[in-house]
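Novice: Dumping the structure here so I can ask a few things about it.
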Amino acid sequence: MQKRIVVYRPLPEDLLAELKRDFHVEDFGHLDDLDDPAFRAALSEAHGLLGAGQKITAEILDAAPQLETISSVSVGVDAYPVEELTRRDIQLCHTPDVLTETTADTGFLLIMATARRAMELADLIRRGDWQASIGEAHYGSDVHGKTLGMVGMGRIGAAIARRGALGFGMRILYSNASPKPALEEELGARRRELDELLAEADFVCVTVPLSAETERLIGQRELGLMRDSAILINIARGKVVDETALIEALNAGRIRAAGLDVFEREPLPADSPLSHMANVVALPHIGSATHETRHAMARRAVDNLRLALSGERPISPFNDPARLPA
Ligand code: DGY
């Protein structure tokens, strides 16, 4: 009997065809509503689930009694009840590594765009308002030679720090649960308590995963510790930063600018102040969104699912249920 897979995020044609050779696949393309009756019916027989972005709850798992594996087309797993999955012996897989460099590019894009006010000044041209050479009121600030404070020094944090140190001669500080001696050696990075890092950095770049410990890690108090010339970059998850406190700090000039790829609510509501503040560069969660990287992520998710459903060890398991071969 072929195992059954439910797909709820668009997959490239070649990968979908590949899955269909070995499994019975029900493809829902881009599914916004996980209460959709056809999806629920498919779920009731599914052995594998492949998608991303949607919150998977215990109630959804109850509706999928045969489920063996969830393969997420993302590195972040905050949308999944990880402990619950492990308890139910369900394998969760994700897609680290293949998106590291592209997401780091996005981080650096935000560093550059905020420091040099690229969107604000490009808009001036779009409006036909470039009447004279740019003066002091429109100057940005340097990136090279400044201090980059990484909040989180995992794979993506390290890739951003590497760009900063090696490409822009930046001094690197980081706060992280564990020390990173190899990066200290390679980049001259220095580990700091979070409060110290916030007070010293010109750019504070948030890359920690969202968890109970990191929710609202950067709130009013932490923003208050930053320099008034400092810039906050968030490419992790919106909920790591208290958005209301951030808007207040930006409006009051307590920090200079923010570059954001993630928000408390996504899509960002059109009436959010963040969507039109001059000192904010807001992107629609594009961290890994290039043709090459999104294909590589989908490839990894398909490979993970195929291996796990065949009783083999997936390439990137996230949890450790009993079924996982050693
Ligand atoms: C990821 O892979 O976690 C990206 O942020 C997309 O959700």
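The values are calculated or read from the model by the stated rules, or taken from the named source; none is laboratory data. Nothing here was measured: the structure is a model prediction, and the numbers come from that model. We place every Cβ from the backbone using ideal geometry, glycine too, and count neighbours over all the protein chains shown. Heads up: the accessible areas ignore ligands, DNA and RNA and are worked out on the full protein's heavy atoms, side chains in. Shrake-Rupley method; radii C 1.70, N 1.55, O 1.52, S 1.80 Å.
Novice: Whether any residue in the range 199-207 is away from the ligand (no atom under 16 Å from the Cβ), part of a helix (DSSP H, G or I) and over 24 Å from S141 (Cα atoms) is what I want to check. Show your work before the answer.
Specialist: Step one: filter the range 199-207 for residues away from the ligand (no atom under 16 Å from the Cβ), giving 199-204.
Now restrict to residues that are part of a helix (DSSP H, G or I): 199-200.
Still in the list and also over 24 Å from S141 (Cα atoms): none.
Looking for residues that are away from the ligand (no atom under 16 Å from the Cβ), part of a helix (DSSP H, G or I) and over 24 Å from S141 (Cα atoms), one finds none in the range 199-207, hence no.
Novice: Kindly indicate the residue of the range 72-89 that is closer than 19 Å to A322 by Cα and touching a helix residue (DSSP H, G or I) at 6+ places or on another chain (Cβ under 7 Å) and also farthest from the ligand (Cβ to nearest atom) among those meeting that condition.
Specialist: Ranking the candidates gives R88 first.
Novice: A further question on this structure: Please determine whether any residue of the range 77-89 is in contact with a Lys or Arg (Cβ under 8 Å, 6 or more places away or on another chain) and over 22 Å from R9 (Cβ atoms).
Specialist: yes
Novice: Only one of (1) open to solvent by less than 70 Å² (accessible area, probe 1.4 Å); (2) closer than 30 Å to F39 by Cβ; (3) more than 16 Å from the ligand (Cβ to nearest atom) fails for T114. Which number is that?
Specialist: Only one criterion is unmet by T114, namely (2).
Novice: Taking I60 and the conditions (1) closer than 22 Å to S310 by Cβ; (2) away from the ligand (no atom under 16 Å from the Cβ), which numbered condition does it fall short on, given that it satisfies the others?
Specialist: Among (1) closer than 22 Å to S310 by Cβ; (2) away from the ligand (no atom under 16 Å from the Cβ), I60 violates only (1).
Novice: What do you reckon, is D271 within 24 Å of G53 (Cβ to Cβ), open to solvent by less than 70 Å² (accessible area, probe 1.4 Å) and not aromatic (F, W, Y)?
Specialist: Criteria not met by D271.
Novice: Could you check the range 284-326 and list, in sequence order, the residues that are away from the ligand (no atom under 13 Å from the Cβ), over 17 Å from V82 (Cβ atoms) and assigned to a loop (DSSP other than H, G, I, E, B)?
Specialist: Of everything in the range 284-326, those that are away from the ligand (no atom under 13 Å from the Cβ), over 17 Å from V82 (Cβ atoms) and assigned to a loop (DSSP other than H, G, I, E, B) turn out to be S310, G311, E312, R313, I315, P325, A326.
Novice: Could you list all residues from the range 61-105 that are more than 12 Å from the chain's Cα centre (by Cα), surrounded by fewer than 20 Cβ atoms within 10 Å (Cβ to Cβ) and of a type in the set (S, T, Y)?
Specialist: Matches in the range 61-105: T86 only.
Novice: Just to verify a result, which residue in the range 254-268, among those that are in a loop (DSSP other than H, G, I, E, B), open to solvent by less than 20 Å² (accessible area, probe 1.4 Å) and within 16 Å of the ligand (Cβ to nearest atom), is nearest to M119 (Cα to Cα)?
Specialist: Among those that are in a loop (DSSP other than H, G, I, E, B), open to solvent by less than 20 Å² (accessible area, probe 1.4 Å) and within 16 Å of the ligand (Cβ to nearest atom), it is D261.
Novice: Anything in the range 296-307 that is in contact (Cβ under 8 Å) with a residue 60 or more places away in the chain and either open to solvent by 10 Å² or more (accessible area, probe 1.4 Å) or within 13 Å of L19 (Cβ to Cβ) (or both)? List them, or say none.
Specialist: Once the filter is applied, which keeps residues that are in contact (Cβ under 8 Å) with a residue 60 or more places away in the chain and either open to solvent by 10 Å² or more (accessible area, probe 1.4 Å) or within 13 Å of L19 (Cβ to Cβ) (or both), the range 296-307 yields A296, A298, R299, R300, A301, V302, N304, L305, R306.
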